[in-house]
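The values are calculated or read from the model by the stated rules, or taken from the named source; none is laboratory data. Note that the structure is predicted; figures quoted are calculated from it, not measured. Neighbour counts run over all protein chains shown; Cβ positions are idealised from the backbone, glycine included. We work out accessible area using only protein heavy atoms, side chains counted, and drop any ligands, DNA or RNA first. Shrake-Rupley method; radii C 1.70, N 1.55, O 1.52, S 1.80 Å.
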Amino acid sequence: MITVENLTKSFQGVNALNGVTLDVEAGTVLGVVGPSGAGKSTLARCVALLERPDSGAIRVDGTDITALDGSALRAARRQIGVVPQGDSLLRQRTAAGNIALPLESAGVPGPQRRSRVGELLDLVGLTDKAGAYPDQLSGGQRQRIAVARALAANPSVLLADEPTSALDPETTGSVLTVLDRARAELGVTVLVVTHDMGVVRKICDDVAVLEQGRVVEHGKVLDLVSDAASRTSGALLPAVDLNPINESSYDRVADVVLVGFAAVGALLPEASHRFGVELNIVGGGLTRLGETPVARFRLGLNGERSDSALEWISEAGGAVQRSLKGPQGVAA
Amino acid sequence: MRSATPWSDVLSYLVEATGETLYMVGVSTVIATAFGVPLGVWLQLTAKGGLRPNPAVHRVLGFITDLGRSMPFIVLLVALTSVTRLIVGGSIGSTAVIVPLAVGAIPFVGRLVQNILSEVHVTVVEAAVTTGASTLRIVRSVLIRESLPALINAIGVTVIALIGYSAMAGVIGGGGLGDLAIREGYQRFNDRILWSTVAWLAVLTTLIQLGFTRAARASDRRRHASV
Ligand SMILES: Nc1ncnc2c1ncn2[C@@H]1O[C@H](COP(=O)(O)OP(=O)(O)O)[C@@H](O)[C@H]1O
Ligand SMILES: [Mg+2]
């Protein structure tokens, strides 16, 4: 569990962080997104104990880690696994040797070290590359080794700064899978910095949007997508208005967001059936957030009870975002 | 006109002088490495962006280092006479030359080492910091190990430079190949000794250079790895 309270940090007059507050629940993945220069890396580096904030607190499992020094600082660092931005492996060490580094720092004896390294190679699916040097690995393989190294000393928290920014889409998938396994199999709390909404889409439970050193949006991804005004929904959901439609052919036109198998599969046919209305999907589409199917549709409804149908959809858990054509037949 | 020195005599001159040179250069290299590497590490640790940035310490260390480097060797050789006497109990002979050679080479090695260590990418160092490693461990396992090939080459460069400086050892009776070429060869118009020594010096430095290049390559694990 990570709690960040009112964190500020400036560099020679540049305010990189302007009072950042957020939290990551134990065993969940938070994506920190935002434009370049927003302060994402500074935030990650503060939590990684590479940078000392000017003020504010960072709690990992309840303990404030911002004021530590000496051996207490080193012990805290071992509790926080870090995948730094960019190439970070020792080029003169094998993959296995790189993963062993945190265990050496922690004074873990040789035999235990080797078996732990074996487990981690297995976790990231690179057992056959144990003896390979970083120069002999692909970018994606190197990042997976960096993740394995970050997890070696059994940290409760894993930080990754742009872990996929230099990778092609296919390799990105393999790195994200490894982060997801870390959470699922080791129960690690993950904070991942990215400018790629695809990362949020695939593995994040929560998202925090940073702009100019401030959190401008923070919450569960599945909650935020139902809010038409949120940046997250704009970035993650299918566009609805690609094809202009003839609104006059419908009594009502509305956008609706449906989250989950049940809602996506059954809500619309059921509404149509219950209220005896003709219900057409005229825009939008289906996507997937993690394992959850999510749809944003533009609906065209015909029938006397169209308003009741929309109301029922909303009560049944669908988010009716806007009626483009309201009760008076006027575009709202 | 006297007859040329017999080849067998030339050979024994060369053998003796080579021994003296290797002794002077070898011992002073060991000393220069023993002090120069820690100096370079210290310079790099205290540098801006280093692991223990400390501008005051860094500036003082840097000033002393560059002062030492700018001192002409021949000046060190005579200026350090009393220090040398204190350390080795005499101020002439091969052993006495080791003191100024080592003192002159320490700042040279220090700067070379600092430059090499500063090439280790900051992300790699920070990654090690986040593992909770102590500064000593990072110096050993990251800074030095990652730059070992370049460090070995730097020691090779130092050895070659010291062979050059040791030619001036004759001034305080240190002997060696340079002294042989100058005193027995040049000053006595003995071309056979002069040119034999020059040729042998060329071969010797080439061999030494080759040895260090090989060692550096052998230490570079990036090259011979099994995939
Ligand atoms: N070490 C530093 N020195 C000076 N300015 C910095 C430093 N680190 C970050 N900054 C500044 O802080 C702001 C935020 O940077 P950063 O956290 O790297 O953003 P992001 O990762 O979101 O792209 C930028 O304006 C950047 O120039
Ligand atoms: Mg960044």
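Worth pointing out:
- Among residues of the stretch A:36-60 that are farther than 21 Å from A:A75 by Cβ and not assigned by TED's automatic domain parsing to the domain that holds A:N18, none has a Cβ under 8 angstrom from a residue that is open to solvent by less than 40 Å² (accessible area, probe 1.4 Å) and near ligand 2 (Cβ under 9 Å from one of its atoms) at a sequence gap of 6+ or on a separate chain.
- When we screen B:R137, B:R183 for residues that are closer than 30 Å to A:S71 by Cα and assigned to a helix (DSSP H, G or I), the only hit is B:R137.
- Of the candidates B:A167, B:A128, B:A216, B:A154, the single residue that is crowded, with 18+ Cβ neighbours inside 10 Å and within 10 Å of chain A (Cβ to nearest Cβ) is B:A128.
Every residue, every condition in (1) within 22 Å of A:G317 (Cβ to Cβ); (2) within 14 Å of chain B (Cβ to nearest Cβ); (3) within 16 Å of ligand 2 (Cβ to nearest atom), yes or no:
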site	(1), (2), (3)
A:L191	no, yes, yes
A:M197	no, no, yes
A:V207	yes, no, no
A:G213	no, no, yes
A:L224	yes, no, no
A:D227	yes, no, no
A:S230	yes, no, no
A:S233	yes, no, no
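- Counted residues, the stretch A:165-197 - those being touching a strand residue (DSSP E or B) at 6+ places or on another chain (Cβ under 9 Å), within 16 Å of ligand 1 (Cβ to nearest atom) and either open to solvent by 10 Å² or more (accessible area, probe 1.4 Å) or assigned to a helix (DSSP H, G or I) (or both): 3
- Residues (in a loop (DSSP other than H, G, I, E, B) and facing chain B (nearest Cβ under 7 Å)) located in the stretch A:65-84: A:P84
- Test result for A:L103, within 14 Å of ligand 2 (Cβ to nearest atom) and assigned by TED's automatic domain parsing to the domain that holds A:N154: no
- Given (1) out of contact with any helix residue (DSSP H, G or I) (no Cβ under 9 Å at 6 or more places or on another chain); (2) within 14 Å of ligand 2 (Cβ to nearest atom), number of the condition A:G62 does not satisfy: (2)
- Flag for B:V142 being touching a residue at least 12 places away in the same chain (Cβ under 8 Å), within 14 Å of chain A (Cβ to nearest Cβ) and assigned to a helix (DSSP H, G or I): yes
- Residue that is closer than 21 Å to A:A182 by Cβ and away from chain B (no Cβ under 14 Å), where the choices are A:L137, A:L89, A:L103, A:L123: A:L123
- Residues of the stretch A:26-45 satisfying the condition of being within 8 Å of ligand 1 (Cβ to nearest atom) and either of a type outside the set (D, E, K, R) or open to solvent by less than 10 Å² (accessible area, probe 1.4 Å) (or both): A:G34, A:P35, A:S36, A:G37, A:A38, A:G39, A:S41, A:T42, A:L43, A:A44
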